[in-house]
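Q: Before I ask anything, here is the structure I am working with.
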2 protein chains.
Amino acid sequence: MTTTAPAGSRDLPHPAREEIRLEGVLHALSDPMRLQIVRELAAAGGEELTCSQFELPVTKSTTTHHFRVLRESGVVRQIYRGTAKMNGLRKDDLDALFPGLVDALLAAAARQSSRLTEF
Amino acid sequence: MTTTAPAGSRDLPHPAREEIRLEGVLHALSDPMRLQIVRELAAAGGEELTCSQFELPVTKSTTTHHFRVLRESGVVRQIYRGTAKMNGLRKDDLDALFPGLVDALLAAAARQSSRLTEF
């Protein structure tokens, strides 16, 4: 686009809390890479992480795609801080909408992970 | 995919409990119609239901597709009883693999449903 960028044009679109849909959240988490990203963000305990801090066995453009799906479904918030795009889990919003769901999903993912690595 | 059902040409393939994957379950539940089917099966409290007992605003072939996705992901069991194909939620298997997850998902779906019909 060649139009003059308005102030704040680098803000990325996010659904408001009340726009977040359970189906969208579940779709976002139905991919192993995205589930892994969410587990790492949860483990960071509220700390924001850059995309490059995730060691994913996929290309940079695929990583960008996964973060976009997570952002557009309301699972993560992506904010530019200077030149860095920082990612944080929207746990407060998700917990308010669906109490206990994120913790149950994280527990299920951890349980599956330890089960599959037993062999 | 192996089948846990006994021999019989009309037996439909199901993943064994240990083959069920969290990502597949979440994908199966990421569709509003499939989420509704699972809510109705849960409300039936273990009773098996025929596909035609679900009033879904989609064609018969789409309904069949949704039930196949639910079966292949390990969320429902489909068994022929005479000429009727009966559907039941695999809650025992899912609870054993992911304790608390199904209940958290059902609670989240109920909460969203009541929130969206407030207006």
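The values are calculated or read from the model by the stated rules, or taken from the named source; none is laboratory data. Quantities reported herein were computed from a predicted structural model and do not represent experimental measurements. Methodologically, a virtual Cβ is constructed for each residue, glycine included, from the backbone with ideal geometry; neighbour enumeration extends over all protein chains shown. Just the protein is used for accessible areas: all its heavy atoms, side chains included, with ligands, DNA and RNA removed. Shrake-Rupley method; radii C 1.70, N 1.55, O 1.52, S 1.80 Å.
Q: Restricting attention to the range B:61-100, which residues are more than 13 Å from chain A (Cβ to nearest Cβ), in contact with a helix residue (DSSP H, G or I) (Cβ under 9 Å, 6 or more places away or on another chain) and among the polar types (S, T, N, Q)?
A: B:T62, B:T63, B:T64, B:Q78, B:N87
Q: Residues A:G88, A:G46, A:G74: which one is free of Cβ contacts under 8 Å to residues at least 60 places away in the same chain, open to solvent by less than 20 Å² (accessible area, probe 1.4 Å) and outside any helix (DSSP H, G or I)? Let's see the steps before the verdict.
A: Details: A:G46 fails: open to solvent by less than 20 Å² (accessible area, probe 1.4 Å); A:G74 fails: free of Cβ contacts under 8 Å to residues at least 60 places away in the same chain.
Of A:G88, A:G46, A:G74, the one residue that is free of Cβ contacts under 8 Å to residues at least 60 places away in the same chain, open to solvent by less than 20 Å² (accessible area, probe 1.4 Å) and outside any helix (DSSP H, G or I) is A:G88.
Q: Could you give me the residue pairs with C-beta distances under 8 Å whose first residue belongs to the range B:95-119 and is in a loop (DSSP other than H, G, I, E, B) and among the hydroxyl-bearing types (S, T, Y), whose second residue is modelled with pLDDT of 95 or more and loosely packed, with under 13 Cβ neighbours inside 10 Å wherever it lies, and which are 6+ apart or on separate chains?
A: none
Q: Now for a separate question. Tally up the residues in the range B:18-43 that are of a type in the set (A, V, I, L, M, F, W, C), more than 27 Å from A:S114 (Cα to Cα), within 8 Å of chain A (Cβ to nearest Cβ) and without any contact (Cβ under 8 Å) to a residue 60 or more places away in the chain, please.
A: Residues that pass the stated criteria total 0.
Q: Only residues that are touching an Asp or Glu at 6+ places or on another chain (Cβ under 9 Å) and β-branched (V, I, T): list them for the range B:79-111, please.
A: B:I79, B:V102
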